[in-house]
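The values are calculated or read from the model by the stated rules, or taken from the named source; none is laboratory data. Just so you know, these numbers come straight off a predicted model, no measurement behind them. Virtual Cβ from ideal backbone geometry, glycine too; neighbours counted across all protein chains shown. Side chains included, ligands, DNA and RNA excluded: accessible areas come from the protein's heavy atoms. Shrake-Rupley method; radii C 1.70, N 1.55, O 1.52, S 1.80 Å.
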Amino acid sequence: MWAVLIDVERWPEWTPTMETVRRLENGPFQLGSSAAIKQPQMPEAVWRVTAFTPGRQFTWETHVRGMRMVGSHELVDSPAGCTSRLRLEISGFAAWLLWPLVRRNASQAMETENSRLRERCRRS
């Protein structure tokens, strides 16, 4: 599951929540890596990895439309083997205004990403 998770440029192949993902540097995905991401109904944003534990989790963040967004992708042990946990934190003045409007879409997007990740890993 980890290999699929950190192959961010291939995310658009398995989740409709990503239109394009383009790494901005060569080499392994790691602390400091960045990617330009275009998601439906959002402007393209550059996400930079700010925390990285190989095989377990990464966190990245971006600033867009007056909001700071921090996304965390974590693999956790479970009775079924391994599951993915996604978190999204949004802050900033625009977040206070926009969160009531985007909360439902953001929650649905995270659910979709998680279910599609599981499906992709089952096929891999």
Requested in this report: Between beta-carbons, use under 14 Å as the cut-off and find the net charge around Glu25, counting Lys and Arg +1, Asp and Glu -1.
Outcome: +2
Query raised in the report: In deg cm²/dmol and to the nearest 500, what is the mean residue ellipticity at 222 nm of the chain if only DSSP H runs of at least 4 residues count, each as -39500 (n - 2.57), divided by the residue total?
Result: -10500 deg cm²/dmol
**Report entry** Distance between modelled label sites at Glu74 and Thr20, nm, 7 Å Cα→Cβ extension
**Finding:** 3.3 nm
Report summary line: With a 1.4 angstrom probe the carbon and sulfur portion of accessible area for segment 5-124, in percent, totals 51 percent
Query raised in the report: Are there trypsin sites (Lys or Arg not before Pro) in segment 1-60 that DSSP puts in a loop and that have at most 14 other Cβ atoms within 10 Å, and which ones?
Result: Arg56
Query - Accessible area in square angstrom per residue, segment 1-90, 1.4 angstrom probe - result: 52 Å²
Query raised in the report: In segment 19-101, which GluC sites (Glu not before Pro) are in a loop and have at most 15 other Cβ atoms within 10 Å, using DSSP for the loop call?
Result: Glu19, Glu25, Glu44
Requested in this report: Among Gln41, Met67, Gln57, pick out the residue whose Cα is farthest towards the positive end of the charge dipole of the chain, where Lys and Arg carry +1 and Asp and Glu carry -1 on C-beta, about the Cα centre.
Outcome: Gln41
Query - Kirkwood Rh and Cα Rg combined as Rg/Rh, the chain - result: 0.95
**Report entry** Charge context of Met42, other residues only, Cβ under 13 angstrom, K/R +1, D/E -1
**Finding:** 0
Report task. Taking the Cα centre of segment 3-124 as origin, work out the dipole magnitude from +1 charges on Lys and Arg Cβ and -1 charges on Asp and Glu Cβ, in debye rounded to 20. Result -> 160 debye
Report task. Compute the signed sum of charges (Lys and Arg +1, Asp and Glu -1) over the other residues within less than 10 Å, Cβ to Cβ, of Glu89. Result -> +1
Requested in this report: Report the calculated FRET efficiency for Arg123 and Thr50 (r = Cβ-Cβ distance, R0 = 35 Å), to the nearest 0.05.
Outcome: 0.70
